[in-house]
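Please read the structure below before turning to the comments.
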Amino acid sequence: GAGVSQSPRYKVAKRGQDVALRCDPISGHVSLFWYQQALGQGPEFLTYFQNEAQLDKSGLPSDRFFAERPEGSVSTLKIQRTQQEDSAVYLCASSPSLGSEQFFGPGTRLTVL
Amino acid sequence: QKEVEQNSGPLSVPEGAIASLNCTYSDRGSQSFFWYRQYSGKSPELIMFIYSNGDKEDGRFTAQLNKASQYVSLLIRDSQPSDSATYLCAVKGTGNQFYFGTGTSLTVIP
């Protein structure tokens, strides 16, 4: 079956631009997580959803970061006024229920120039 | 102190040997523990998870959990060159967040 998909796979943005990263979870998975992974580090939690409800956004590094999942399926992570320190791989993961194993998408590599 | 600690390695083992990867965690209330494999340039791939103290075996992989010592390990038997990757330990804390270690880089030498 189809896994988690993310688009775009690569994004180059000029500093100050807004970007939107999309995640399409495994069908039927109610939980969706966003992570940021810097080179040589493990994924760092950003936010998660249970269906359409954003239950925890404590990991978002600033108010420039915003995530939504309006219909409880596809999710979008938006970064406004990108900065160089936002350059990283953004990973999306979904799980069939909260607390169970998570399955990752291929990630979006964001480079801010 | 980080939530999840792993030795970053690199760990090198000869082909056919047992690779042992270790992880400690700080939240004593943690209930669920996961091992992921991440090849260079790829996303993490779930290997196995463990919830109860003791050992859990899946093919060449064995996860070991000791909640009293706040310690999780992954053993890879009959290591193959294709096992060369970074292994990430993840812990679900008392909330619903997953905390990841920085990963241990494993190289299996043919």
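Read the figures in this text as sums done on the coordinates, not as results from a lab. Since this is a predicted model, take the numbers as computed values, not measurements. When we count neighbours, we look across all protein chains shown, and the Cβ atoms used for this are built from the backbone with ideal geometry, even at glycine.
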Amide hydrogen neighbours beyond the local backbone of residue B:102, cut-off 5 Å, H modeled = A:42, B:6
In terms of modelled amide H atoms, which long-range or inter-chain residues lie less than 5 Å from the amide H of residue B:48?
-> B:35
Checking the stretch A:1-85 for GluC sites (Glu not before Pro) in a loop per DSSP with at most 16 other beta-carbon atoms within 10 Å yields A:52, A:71
In terms of the alpha carbon gyration tensor, root eigenvalues a ≥ b ≥ c, rounded if a/c is under 1.5 and otherwise prolate when a/b exceeds b/c or oblate, the stretch B:26-68 is oblate
For the protein assembly as shown, size of Cβ-based charge dipole, Lys and Arg +1, Asp and Glu -1, in debye = 500
Give the relative contact order (percent, whole number) for chain A; include only Cα pairs under 8 Å separated by 6+ residues.
-> 37
What is the Å³ per residue value for the convex hull set by the Cα atoms of the stretch A:35-113?
-> 99
Restrict the search to the stretch A:1-109; then list the trypsin sites (Lys or Arg not before Pro) that DSSP places in a loop and that have at most 10 other Cβ atoms within 10 Å of their Cβ.
-> A:14
Once the dipole of the protein assembly as shown is set up from charges on Cβ (+1 Lys and Arg, -1 Asp and Glu), the residue from the list B:24, B:54, A:29 lying farthest towards its positive end is A:29
Taking the Cα centre of the stretch A:11-52 as origin, work out the dipole magnitude from +1 charges on Lys and Arg Cβ and -1 charges on Asp and Glu Cβ, in debye rounded to 20.
-> 260
Lysine pair count for the protein assembly as shown [Cα-Cα under 29 Å; pairs on different chains or 8 or more apart] = 23
Kirkwood hydrodynamic radius (C-alpha pairs) into Stokes-Einstein, chain B, 20 °C and 1.002 mPa s, D in µm²/s = 155
If each K or R counts +1 and each D or E counts -1, the residues other than residue A:50 whose Cβ falls under 12 Å of its Cβ total -1
Percent breakdown of C-alpha pair distances by 10 Å bin, ordered from the shortest bin, for the protein assembly as shown | 8, 33, 35, 19, 5, 0
